[in-house]
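Inspection log for the structure reproduced underneath, given as structure tokens.
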Amino acid sequence: MHTHLMRTIKAERLKLKRSPVWLAFFALPVLSAFFGTNNYLANQGVLQNEWFSLWSQHSLFLCSFFMPALIGTFCSYLWRLEHLRTNWNSFLTTPVPLLCLYLGKLVQAAKMIVLGNGWIFFLYFLCGRLCGLDASFPPQALEWFLCGTLGGIVICCVQLALSMVIRSFAIPIGISLVGGIGGLLAGSQGLGLFYPYSLYSFGMRANNPQMEIDGKVFVLSCVFYVVLFCRLSVAGLQRHAR
């Protein structure tokens, strides 16, 4: 099992080697940080909570709009090759367990979430220093990073399942964008911890860095959706293999 999984991870990594899609995970956070920092500097009379205020501006659009759409794009790309011509046949006849074939893609998507979040928080720290924030970097940022990463993996699982069954490259991306917007609505109704597209922004404390959430409920919700959509995806692969 371990050997098969390593082979599929390596194969998926090779598919992405020459792809420019990962660049968006680094370019869009730069734009978000730029506009968020400018908005913070222009409204310091109102935004007086230093690091927390800066994060509220950095995360305002990034977590609910940009990142869900980026995750949707990345997951669509991971299935793009299989949807071309008869590549499903060669993919499914590989002498590797179906679970490993799926996990190879999920590992690549999860890795991009970790790297993307790391870049987001580096930009946050850098912009804070450039803004002259001398106070200590908020220790809560580690929790935001970890919870945001877990919530991002949930969206990866949902989008991988959608991109597997939908041949169109663009439609799953549109669903992820609508899902991110729906996450705002779910959060405003107090249902954010139970809606998969809300979990990333909730974990990152988007636009509300001092918000308290029930950690156990958050983790259980994330684990539930990860297991659910992993099982659905593997079941979908089994149907294709018949």
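Remarks
- In the condition set (1) at pLDDT below 90; (2) crowded, with 19+ Cβ neighbours inside 10 Å; (3) among the polar types (S, T, N, Q), N89 is compliant with all but (2).
- Check on L41, among the hydrophobic types (A, V, I, L, M, F, W, C) and surrounded by fewer than 20 Cβ atoms within 10 Å (Cβ to Cβ): yes
- Filter pass, L47 being hydrophobic (A, V, I, L, M, F, W, C), part of a loop (DSSP other than H, G, I, E, B) and more than 30 Å from V227 (Cβ to Cβ): yes
- Residue pairs whose Cβ atoms lie under 7 Å apart, sitting 6 or more positions apart in sequence or on different chains, and linking a residue in segment 124-153 that is farther than 20 Å from L62 by Cα to a partner that is of a type in the set (D, E, K, R), are L133/E50; A135/E50.
- Test: F34 is surrounded by fewer than 20 Cβ atoms within 10 Å (Cβ to Cβ) and either among the charged types (D, E, K, R) or part of a helix (DSSP H, G or I) (or both): yes
- Any chance F224 is of a type in the set (F, W, Y), closer than 21 Å to S64 by Cβ and either surrounded by fewer than 18 Cβ atoms within 10 Å (Cβ to Cβ) or at pLDDT 90 or above (or both): no
- Members of segment 156-214 that are β-branched (V, I, T), over 18 Å from the mean Cα position of the chain (by Cα) and over 26 Å from R239 (Cβ atoms): I213
- First in segment 15-42 and in contact (Cβ under 8 Å) with a residue 40 or more places away in the chain, second anywhere and β-branched (V, I, T), Cβ under 7 Å, 6 or more apart: V21/T73; A24/T73; P29/I120
- Filter result for R231 (surrounded by fewer than 21 Cβ atoms within 10 Å (Cβ to Cβ) and either closer than 30 Å to H83 by Cα or touching a helix residue (DSSP H, G or I) at 6+ places or on another chain (Cβ under 8 Å) (or both)): yes
- Count - residues of segment 138-155 that are aromatic (F, W, Y) and either farther than 25 Å from K105 by Cα or crowded, with 21+ Cβ neighbours inside 10 Å (or both): 1
- All told, Q159 falls short of being outside any loop (DSSP other than H, G, I, E, B) and touching a Lys or Arg at 6+ places or on another chain (Cβ under 7 Å).
The values are calculated or read from the model by the stated rules, or taken from the named source; none is laboratory data. Source: prediction; values computed, not measured. With ideal geometry, Cβ positions are generated from the backbone for all residues, glycine too; neighbour counts draw on all protein chains shown.
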